[in-house]
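The values are calculated or read from the model by the stated rules, or taken from the named source; none is laboratory data. Not measured: the values here are computed from a predicted model. As a convention, Cβ positions derive from the backbone with ideal geometry for all residues, glycine included, and neighbour counts pool all protein chains shown.
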Amino acid sequence: MPKMRNPNSPHSRFKGLIELPWDHGLPVPDLPMIRDWTDSERDQWRQWWQSPQAAMWDESFIPAVAVMLTYFGKILDGSANANHQMEFRHLSNALGLTADGMKRLGWTFQNGGGDQ
């Protein structure tokens, strides 16, 4: 097994990164009642708000996550056009839900994985 990296090393690319907790314990906000949401959309909403990245979000992120969820639903049901897909990618990056987004925001996951 490879040796674990030391984020405190002076040469570490992880120095200064914000470590996101695997279980932040924050409540999942209610979905905005702007329309009827499918069960898969409700499940995805819950997954996003329980993700480590959501530890960095507050109530002001609810509309952005809801818009992203709308695009997610269109992608799933096949009705998404290129603009929907592009906006979904932009939002997922901006919210830190992709590797590139996490890197840009300076976020990393805490050591130990999701089994803590």
Where the second residue is surrounded by fewer than 18 Cβ atoms within 10 Å (Cβ to Cβ) and modelled with pLDDT under 90 and the first is closer than 14 Å to residue 74 by Cα and lies in segment 33-53, which pairs have Cβ atoms under 6 Å and are six or more apart or on separate chains?
none
Contact list please: Cβ distance under 7 Å, first residue in segment 66-91 and surrounded by 15 or more Cβ atoms within 10 Å (Cβ to Cβ), second residue polar (S, T, N, Q), pairs at least six apart or on different chains.
68/92; 69/44; 72/44; 73/38
